[in-house]
Amino acid sequence: MDVSEYLEHDGLGLAGLIAEGEVTAPEVLAAARERARAVNPRINAVVRRLDEHADQRAAQPLTGQFAGVPFLLKDLHQDLAGYPTSNGCRAYLNRPATWTSTVVQRWLDAGLVIFGKTNTPAFGVKGTTDPEVFGPTRNPWNLERTPGGSSGGSAAAVAAGIVPAAAASDGGGSIRIPAACNGLVGLKPGRGLVPAGPGAGEPLNGLSTNGVISRTVRDTAALLDVVIGEEADSPFAAAKPGGLLDALEAPPGRLRVGWTARCALRPEPHPEAVRAVERAAELLAELGHEVEEVDPPHDDRQLGRDFLSIWIVGQAIELARAKRETGCGDEGFELETLLLAALGEAASAVRTQAAQERRAEHTAALAAFHDRYDLLLTPTLAEPPIRIGSLDMPAAQRFAGRLALRTGTSRLLKHLGVVDEVVERNLAWVPFTQLANLTGRPAISLPLHRTPDDLPLGVQFVGPLRSEPTLLRLARQLEEAAPWSMPSGFA
């Protein structure tokens, strides 16, 4: 199989060729590797190769819906026994995992051939992908722009044609943000559908979930089908939404969609973000759906504060675990990681618990919206993919941060506004995605818009509980009505 033929097929298409005997798994793996050799030096998406593992897999008789299809894991909490998961930091760089994550095992059981791991920011904390240990990943549509984060390496690899789909995860938008930046499909499943273990229960109190980023709706549906379902240490048994790939055979029906581009965290979104959602609304109306502009259905400013309160405590727990497991001191971690963790350590238990309990208020507000509308439509991003390095901490803030850590006065940084400035700068371009994480609802980003500079800019649909089939049926309808493509420079 040559690379040009490889690029013509999605994951299910490649699996079909292998099943029919037209190509072999080793031949398809060779094409994926050839593509990676050609494009990865420019985008820095794949940061760890798993050649021995992949060769052994491809040489075996594989079964499953994706038997023989090349695949990449995200290098964050997606463990493959015997191989390191760096989590984007120096401390874990060469520490082999002692087990295989349940979600990874389920992808293996589906027949996928895992041949590498993709870049991610340290502990997945940012909406960009630029860890110090590996350097930045670049967007295939424009190498000066970010692919988003924290699944930016996976999204860049898919957009550049290294694989048709790749593993991802989402704790505050980390599937949808990179999907929107790279012209791809990114579905965050509802809370509890996809396992996080063994041993993890619900990361970030249920904010985070595993998933995939892909070029086609049917690959997203099929790859989620194979991982959905609780495991032995799941905190509860979530009601499954049914076969997602099979659901695509039915049309979505006439949906009521409320749309908005307004957000208190970004009072004036970029005109292209507004245009993206307006054009999506027009397309929906043309397809026969009932579409109406609405006010944001929740207190988005309070939701942003609550999300950050939970997030920084999660970072403190993450850092403490990493130090305990690796024996590393501060030298194994980035400055921003240390600062966020210090803030989490100093956080008020009452304030953190209040943020947790207010999730019920945000969920009730969204549920009331879904009593009137089937789906909420927003921009995925408040502006087009930003330039690499534009969110780097200025030298003065880095100096203040190091000084505060050395003197044990990091709490003062919050009172001085340093941390608020850093946080607001990081959230201002992605203020729409955290709603689905805090409420546990499914949400999908679809590549329905391009800027005049030919940059992708996705739009987001948020649904009620168990609406994954509806989201995917609509996505399939939109995919057929307004097909998307790969970046021209990487086709």
Could you tell me whether Ile162 is within 14 Å of Ser208 (Cβ to Cβ), surrounded by 24 or more Cβ atoms within 10 Å (Cβ to Cβ) and touching a strand residue (DSSP E or B) at 6+ places or on another chain (Cβ under 8 Å)? no
Matching residues in the range 294-323 - criterion: being closer than 17 Å to Leu76 by Cβ and either crowded, with 21+ Cβ neighbours inside 10 Å or in contact (Cβ under 8 Å) with a residue 60 or more places away in the chain (or both): Trp311, Gly314, Gln315, Glu318, Leu319, Ala322
Would a scan of the range 57-78 turn up a residue that is in the same structural domain as Asp10 (by TED's automatic domain parsing), in a loop (DSSP other than H, G, I, E, B), charged (D, E, K, R) and crowded, with 24+ Cβ neighbours inside 10 Å? yes
Please go through (1) within 20 Å of Leu223 (Cα to Cα); (2) at pLDDT below 95; (3) among the aliphatic types (A, V, I, L, M) for Val125 and return the number of the only condition it doesn't satisfy. (1)
Given the structure, is Lys188 crowded, with 22+ Cβ neighbours inside 10 Å and assigned by TED's automatic domain parsing to the domain that holds Lys117? yes
Selection count, the range 431-476, where residues are of a type in the set (A, V, I, L, M), crowded, with 24+ Cβ neighbours inside 10 Å, closer than 20 Å to Glu268 by Cα and in the same structural domain as Ala247 (by TED's automatic domain parsing): 2
Condition met for Pro394 (under 27 Å from the mean Cα position of the chain (by Cα) and either under 23 Å from Glu268 (Cβ atoms) or in the same structural domain as Ser150 (by TED's automatic domain parsing) (or both)): no
Going through the range 362-377 one residue at a time, which ones are in a helix (DSSP H, G or I) and either within 24 Å of the chain's Cα centre (by Cα) or surrounded by 14 or more Cβ atoms within 10 Å (Cβ to Cβ) (or both)? His362, Thr363, Ala365, Leu366, Ala367, Phe369, His370
Those residues of the range 168-191 which are farther than 12 Å from Ser214 by Cβ and of a type in the set (Gly, Ala, Ser), in sequence order: Ser169, Gly171, Gly172, Gly173, Ser174, Ala180, Gly190
Residue in the range 161-206 that is farthest from the chain's Cα centre (by Cα), counting only those that are farther than 20 Å from Leu478 by Cβ and in a strand (DSSP E or B): Ala166
If we take the range 214-330, then helices (runs of 4 or more DSSP H) inside it with 1 or more residues that are farther than 27 Å from Phe369 by Cβ and among the basic types (Lys, Arg) are 217-225, 300-326
Tell me which residues, restricted to the range 252-277, are exposed (fewer than 15 other Cβ atoms within 10 Å of the Cβ) and at pLDDT 95 or above. Gly253, Arg254, Arg256, Pro271
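The rows are residues; the columns are (1) in contact with an Asp or Glu (Cβ under 7 Å, 6 or more places away or on another chain); (2) closer than 30 Å to Leu427 by Cβ.
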{"site": "Arg176", "(1), (2)": "yes, yes"}
{"site": "Pro203", "(1), (2)": "no, yes"}
{"site": "Thr209", "(1), (2)": "yes, yes"}
{"site": "Val212", "(1), (2)": "no, yes"}
{"site": "Thr220", "(1), (2)": "no, yes"}
{"site": "Asp225", "(1), (2)": "no, no"}
{"site": "Ala232", "(1), (2)": "no, no"}
{"site": "Pro251", "(1), (2)": "no, no"}
{"site": "Thr260", "(1), (2)": "yes, yes"}
Just wondering, is there one or more residues in the range 153-165 that are at pLDDT 95 or above and either over 30 Å from Gln60 (Cβ atoms) or among the acidic types (Asp, Glu) (or both)? no
Does the range 161-171 contain any residue that is small (Gly, Ala, Ser) and within 19 Å of Pro483 (Cα to Cα)? yes
Restrict the check to the range 108-129 and report whether at least one residue is surrounded by fewer than 24 Cβ atoms within 10 Å (Cβ to Cβ), hydroxyl-bearing (Ser, Thr, Tyr) and touching a residue at least 40 places away in the same chain (Cβ under 8 Å). no
Only one of Ala15, Ala36 that is in the same structural domain as Ser174 (by TED's automatic domain parsing), under 25 Å from Asp225 (Cα atoms) and either of a type outside the set (A, V, I, L, M, F, W, C) or in contact (Cβ under 8 Å) with a residue 60 or more places away in the chain (or both): Ala15
Could you run through the range 148-160 and say how many residues are in contact with a Leu (Cβ under 9 Å, 6 or more places away or on another chain) and assigned to a loop (DSSP other than H, G, I, E, B)? 3
Are any of the residues in the range 135-145 touching a strand residue (DSSP E or B) at 6+ places or on another chain (Cβ under 9 Å), of a type in the set (Lys, Arg) and either under 17 Å from Gln78 (Cβ atoms) or not in a loop (DSSP other than H, G, I, E, B) (or both)? yes
Taking the range 324-353 and keeping only residues that are in contact (Cβ under 8 Å) with a residue 40 or more places away in the chain and hydrophobic (A, V, I, L, M, F, W, C), one is left with Cys328, Phe333, Leu335, Leu338, Leu339, Leu340, Ala342, Leu343, Ala346
Taking the range 378-411 and keeping residues modelled with pLDDT of 80 or more, outside any strand (DSSP E or B) and among the charged types (D, E, K, R) leaves Glu383, Asp392, Arg398, Arg402, Arg406
Please identify the pairs in which a residue from the range 226-241 that is assigned by TED's automatic domain parsing to the domain that holds Gln105 and without any contact (Cβ under 8 Å) to a residue 40 or more places away in the chain has its Cβ atom under 6 Å from the Cβ atom of a residue that is exposed (fewer than 13 other Cβ atoms within 10 Å of the Cβ) and in a loop (DSSP other than H, G, I, E, B), counting only partners at least 6 apart or on another chain. Glu230/Ala237
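The values are calculated or read from the model by the stated rules, or taken from the named source; none is laboratory data. Please read these numbers as outputs of a predicted model, since none were measured by experiment. All Cβ positions, even for glycine, are placed from backbone atoms using ideal geometry, and neighbour counts span all protein chains on display.
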